[in-house]
Amino acid sequence: MLNLEALNQRFEGASPSEVLSWAWEIFGEKLAIVTSFQPTGIVALHMLREIAPCLPVLTVDTGLLFSNTYLLMDHIAAEWDLNLIRVRPGQTPAQQAEIYGEALWLHDPDLCCQLRKVTPLKDALTAYDAWITGLRRDQAETRRLTKIVSWDSRYENVKISPFAAWTEEMVWAYLLAHKLPYNPLHDQNYTSIGCQPCTRAIAPNEESRAGRWSGTTKVECGIHSQNTGVTLHSG
Ligand code: SF4
């Protein structure tokens with residue numbers, strides 16, 4: 001049984017690689033990382049090359065990602081020989097449109113995310129006791145209370161966010177110092193990148209996730225709706 005309070009106290013000032021090493025030591029083959037190949041995830045994958053190079057890397061492929069994102073994940077997976085597992089929904093976008101109508105993301109984005117992200121990931125995570133995320137407290141108000149180690153009641157496993165205390169500046173400093181690849185859309189003011197229909201570039205004074213589900217009250221896809229301490233939009 002993990003003492004979450006003690007672990008969070010221990011890791012609050014620790015480096016992410018220290019947390020990753022602990023996670024690998026404790027959970028071994030029952031550990032996975034979930035990433036959408038955004039900067040924090042790429043930094044985590046880079047650290048894991050030394051710590052656990054065979055770790056399962058789960059990525060939710062909704063079938064609606066940017067072509068740049070597919071190119072980036074294919075490139076990194078090949079270059080770093082990742083154990084990449086593409087988690088896909090039960091229906092293609094065309095099959096979903098037949099049942100729910102065209103562009104479900106416009107009239108019910110919560111249902112669309114549930115079908116294409118949350119449920120497939122929940123199914124995939126049943127094989128693991130713990131998962132690593134790239135959540136950071138500075139990303140959005142909904143993530144301000146992110147703990148480094150927590151119990152995820154939605155997925156019924158341990159959620160580990162080694163970068164919770166890192167800032168966007170720290171991530172980019174690491175990324176650039178190690179000359180790591182990143183999505184070229186970031187150079188066009190796409191600070192947070194998800195599915196193409198629900199992502200836009202941000203204006204200079206907007207917060208980093210303002211380009212996600214722009215024009216709606218939705219702020220999270222639902223994958224991280226637990227453990228943030230904040231009630232999220234649900235309808
Ligand atoms: S981000 Fe948009 S397109 Fe992607 S699953 Fe959610 S609602 Fe659908």
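Miscellaneous remarks
- Test: residue in segment 98-108 that is within 30 Å of Ala14 (Cβ to Cβ) and not in a helix (DSSP H, G or I): no
- With a requirement of 3 or more residues that are in contact with a Ser or Thr (Cβ under 8 Å, 6 or more places away or on another chain) and buried (at least 17 other Cβ atoms within 10 Å of the Cβ), the helices (runs of 4 or more DSSP H) lying completely within segment 1-82 that satisfy it span 39-51.
- Residues in segment 91-124 that are more than 10 Å from the ligand (Cβ to nearest atom), surrounded by 15 or more Cβ atoms within 10 Å (Cβ to Cβ) and of a type in the set (A, V, I, L, M, F, W, C): Leu121, Ala124.
- Residue identified as away from the ligand (no atom under 16 Å from the Cβ), touching a residue at least 24 places away in the same chain (Cβ under 8 Å) and surrounded by 15 or more Cβ atoms within 10 Å (Cβ to Cβ) among Ile223, Ile193, Ile160: Ile160
- Residue tally, condition more than 24 Å from Asp110 (Cβ to Cβ) and touching a helix residue (DSSP H, G or I) at 6+ places or on another chain (Cβ under 9 Å), over segment 186-212: 1
- Val230 falls short on exactly one of the conditions (1) surrounded by 14 or more Cβ atoms within 10 Å (Cβ to Cβ); (2) modelled with pLDDT under 95; (3) within 16 Å of the ligand (Cβ to nearest atom); (4) of a type outside the set (Gly, Ala, Ser), and that condition is (3).
The values are calculated or read from the model by the stated rules, or taken from the named source; none is laboratory data. All figures in this text were calculated on a predicted structure; none of them were measured in a lab. Cβ sites come from the backbone with ideal geometry, for glycine too, and all protein chains shown count toward neighbours.
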